[in-house]
Amino acid sequence: MESEIPPNTSPEDDKAVLLRGDALADRLLGLMLLTSAALLVAGWFMPVMTVRTLMIFYDEVSIVEGALRLIESGDYLLVAIILTFTIVFPVCKLILAFLVWRRPEIPRGDLSRALRWVELFSKWSMLDVFVVALVIVIVKISLVSDVTIHAGLYVFCTAVVLSMFTVWRITQLAHREIHRQPSSNSPAP
């Protein structure tokens, strides 16, 4: 007597899937994730802007330095928000995406769970650019300060855009593998 498969599962559920695309860009996804991570770290420490107050005082500010200054001024909630959305979530997203891409064979159930986490962190880490833009807008609106944008902002934004594209492609490949049905013409083992 043959065992029955539960109605919501398929025989392929416990089999491992190989997550690789055919295009050259898909084979370079790991390198793109590492490049994005390097740009992200550089963007944290490079000057993002120079704030000139009362035409006398000049101050170059990076994301990390800005967070440290907020700690000194006692704005702990703002620091927590900035660190969460510009450091913690993007790093978690990149690590999870790399693990999903790098692992040669992933059981379908594990792939689905990992994919949900990658997509969750991707949605929340979108706030990192918003936080930086908001800080710049607030300072620019100020009547006593003038802001000059530096390369750190562009490096940071490039890291975010590159990671968005790369993670998007990895999730596409993962969804394709999860939903791929075995062909009915294939021989049974």
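Computed values, structure above
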item	result
Wholly enclosed helices (runs of 4 or more DSSP H) of region 38-148 bearing at least 3 residues at pLDDT 85 or above and under 15 Å from the mean Cα position of the chain (by Cα)	89-102
Within region 28-53, considering residues that are hydroxyl-bearing (S, T, Y) and over 17 Å from F85 (Cβ atoms), the one surrounded by the most Cβ atoms within 10 Å (Cβ to Cβ)	T35
Residues (surrounded by fewer than 16 Cβ atoms within 10 Å (Cβ to Cβ) and modelled with pLDDT of 85 or more) located in region 149-189	A151, Y154, V161, F165, W168, Q172
Count - residues of region 68-104 that are touching a Leu at 6+ places or on another chain (Cβ under 6 Å) and over 19 Å from T35 (Cα atoms)	4
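The values are calculated or read from the model by the stated rules, or taken from the named source; none is laboratory data. Everything numeric in this text was worked out from a predicted model, so none of it was measured. Using ideal geometry, Cβ is built from the backbone for each residue, glycine included, and neighbour counts are taken over all protein chains shown.
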